[in-house]
Amino acid sequence: MIESECRLWEVLEAECINLFRRFSYEGIRTPVIELSALFKRSVGEVTDIVQKEMYQFEDRSGDEICLRPEGTAGVVRAYIENNLGNDGPRKLYYFGPMFRAERPQAGRYRQFHQLGAEYFGHDSPFADAETIQMLSELLQAIGIRKFTVKINNLGSEVDRAAYAELLKKFLVGRVSKMCVECAKRYDKNVFRLLDCKNPSCRSQVVADAPAIHESVSRESADHFSRVCDMLTSVGVSFEIDPSIIRGLDYYTHTVFEVVSAGIGSQDAIAAGGRYDGLVERLGGKPTPAVGFAAGIERLCLAMDEAARSERLLSEQKKVHLIGMGYEAKAVLYKTLSELRRKGITASMEFSDKSLKASMRSANKLGADYVAIVGEDELREKKALLKNMNDQSDGNQSLVSIDELAQILNGEFSC
Ligand code: HAM
């Protein structure tokens, strides 16, 4: 990753952390390596992520481990192991690398990065609405203007089990038309037929299948309509899309995906939903939860040019010091550390380049000021301070070396 991209990520992370904290979220970091069983039990054994995309291997002691393909399962494991639910509801955010063995293309990588948020301990529709609202505000805060939030209701675990039976009955006469994998999924996890990418499965097998949101319980339908009402009341735009079923098995009730036009075929920039059964399934107390994750690479693709350059320009001002000869450099070296200790971004030309070459380096570094000490200046303990952003004749002045830090502090604070 090159400098400007690193800078963009740093600014973006800082902006997201600010927003997470405003919504009372706390940070959490979990390991990149986890036992494969964690994802089999949470994301689901019969899912593309576990069956095709997980980087898994046996370690020296014979344990089946993997590079995490997503963040939620690890956060839930840490939540249970550290009793994070003991003091009531808990809101946690994270940033980090995830790994999926997919064919790399623009916006789809084998190692990618997610920022995510998980809210444990509330089954209220307020928690779903707040999560989607926070995501929508986060996207706007980082300068993504063109995005659509699509939401759907998958019902409770009981609703899902009943729907699976309904779907099986509906599809039983079509098993011969299914691709090899869907024929296996039919018995093991019929739900996953709904997101098969095979065009003939899509058109001939599941195209007219009953939609899940039609068979959810009254309670779940009420929960969902409250989520929609609350989002409307706080001005969050969304579309109800019955085709959103998510490729991970842990979801219940509200699910959502955010797509951004104009970034190519990999247009899902964020996704999430409620997962009320997962904490218990992984050995914890029954705990409702809701969350989301966004792909940082895709967020950067979806940011418009203005938002990108605004973030890159917000960099701190810099000064570059140029001393002609060892004596001048030795004096400036002390000034360099004084400037940095005062919080000023400063660099210095260490090599014995000509003044012209040193000025070229200063330009390349994007220095706002250059302080030059030659033989004459050194004798008078002065430096020639030049404002690189000012093209007028009066853009330079002779100042005392001892006062450089104080002068620059004044210049940089205005
Ligand atoms: P997911 O939909 O699998 O959900 O991934 C979330 C986001 O990660 C996607 O919307 C996309 O932006 C990004 N992403 C996924 N795969 C790739 C890839 N190969 N290359 C680049 N970006 C990618 C989850 O991971 C859930 N854990 C979200 C969640 C959190 N649900 C509840 N809490």
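No value in this document is a laboratory result; all are computed from the given coordinates. Predicted model, so just to flag it, every value in this text is computed and none were measured. Neighbour counts run over all protein chains shown; Cβ positions are idealised from the backbone, glycine included.
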Mind sorting Asp59, Asp304 by how few other Cβ atoms lie within 10 Å of their own Cβ, fewest first?
-> Asp59, Asp304
Per-residue ellipticity at 222 nm for the chain, helices alone: DSSP H runs ≥ 4 residues times -39500 (n - 2.57), over residue total, nearest 500 deg cm²/dmol?
-> -11500 deg cm²/dmol
Paramagnetic label zone (point 7 Å from Cα along Cα-to-C-beta, Ser309; backbone N under 17 Å) in segment 1-45 = 4-5, 8
With labels modelled as points extended 7 Å from the Cα through the Cβ direction, what inter-label distance (nm, one decimal) is found for Phe126 paired with Thr148?
-> 3.2 nm
Compute the Kirkwood hydrodynamic radius of segment 87-150, taking the inverse of the mean of 1/r over all pairs of distinct Cα atoms, and give it in Å to one decimal.
-> 14.2 Å
Treating each Cα of segment 9-53 as an identical point scatterer and ignoring solvent, apply the Debye formula and state log10 I(q)/I(0) at q = 0.17, 0.29, 0.32 Å⁻¹.
-> -0.71, -0.95, -1.10
List the lysines whose Cα lies under 21 Å from the Cα of Lys386, skipping any in the same chain that are fewer than 8 positions away.
-> Lys317, Lys318, Lys329, Lys334, Lys342, Lys353, Lys356, Lys364
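Out of every Cα-Cα pair in segment 55-173, what percent are more than 17 Å apart? Could you put the intermediate results ahead of the total?
Numbers: 5204 of 7021 pairs.
That fraction is 74 percent.
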Counting alpha carbon pairs within less than 8 Å and at least 6 residues apart, what relative contact order, in whole percent, applies to the chain?
-> 16 percent
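Indicate the gyration tensor shape class of segment 223-284 (rounded, prolate or oblate), computed on the Cα atoms with a ≥ b ≥ c the square roots of the eigenvalues: a/c under 1.5 is rounded; otherwise a/b larger than b/c is prolate and the rest oblate. Mind showing how you got there, number by number?
Working: a/c = 2.52, a/b = 1.25, b/c = 2.02.
Because a/c hits 1.5 or more and a/b fails to exceed b/c, segment 223-284 counts as oblate.
Sorted by mean Cβ packing within 10 Å, highest first, what order do the peptides 186-194, 134-142, 214-222 take?
Details: 186-194: 18.1, 134-142: 19.7, 214-222: 15.0.
So the peptides 186-194, 134-142, 214-222, ranked by packing, come out 134-142, 186-194, 214-222.
Which whole-number value in Å³ per residue fits the convex hull of the alpha carbons of segment 1-78?
Value for segment 1-78: 135 Å³ per residue.
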Taking the inverse of the average 1/r across all pairs of different Cα atoms in segment 249-315, what Kirkwood radius in Å do you get?
-> 14.2 Å
What is the distance in Å between the Cα centres of segment 338-355 and segment 394-409?
-> 14 Å
Relative to the compact-globule estimate 2.2 N^0.38 Å (N residues), the Cα gyration radius of segment 351-414 stands at a ratio of 1.13
Potential lengthening between Ser176 and Asp208 on full extension [0.36 nm per residue; Cα-Cα distance subtracted] | 9.8 nm
With an 8 Å cut-off on Cα pairs and a minimum separation of 6 or more residues, tell me the relative contact order of segment 36-117 in percent.
-> 25 percent
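Based only on other Cβ atoms within 10 Å, what is the fewest-to-most ordering of Val205, Val175, Val76?
Details: Val205 22, Val175 13, Val76 28.
With the sparsest Cβ surroundings first, the list reads Val175, Val205, Val76.
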Could you list log10 I(q)/I(0) for segment 98-226 at q = 0.17 Å⁻¹, which the Debye formula gives when each Cα is one point scatterer?
-> -1.15
Excluding residues fewer than 8 places away in the same chain, name every one of the aspartates and glutamates whose C-alpha is closer than 12 Å to that of Lys91.
-> Glu26, Glu118, Glu130
Can you name the helices of the chain, as whole DSSP H runs, whose Cα span along the helix axis is 20 Å or more and whose Kyte-Doolittle mean is not below -1.0?
-> 3-22, 125-141, 157-171, 218-233, 326-341
Return, ordered by residue number, the residues of segment 348-366 whose backbone nitrogen is under 16 Å from a label point located 7 Å along Cα→Cβ of Tyr333.
-> 348-353
Over segment 299-414, how many percent of alpha carbon pairs lie in each 10 Å bin up to the one with the longest distance?
-> 14, 44, 28, 10, 4, 0
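Based on the Cβ-Cβ distance of Asp63 and Ala101, what FRET efficiency does E = 1/(1 + (r/R0)^6) give at R0 = 25 Å, to the nearest 0.05?
Details: r = 20 Å, r/R0 = 0.78.
Computed FRET efficiency for Asp63 and Ala101 comes out at 0.80.
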q = 0.09, 0.11, 0.14, 0.18 Å⁻¹: log10 I(q)/I(0) that the Debye formula gives for segment 223-379, counting C-alpha atoms only = -0.60, -0.68, -0.81, -1.11
Percent of Cα-Cα pairs per 10 Å bin, from 0 to the last occupied bin, for the chain, please list those.
-> 4, 18, 24, 19, 12, 10, 8, 4, 1, 0
Enumerate the whole-percent occupancy of each 10 Å bin, from 0 to the last occupied one, for all C-alpha pair distances of segment 153-265.
-> 13, 41, 31, 14, 2
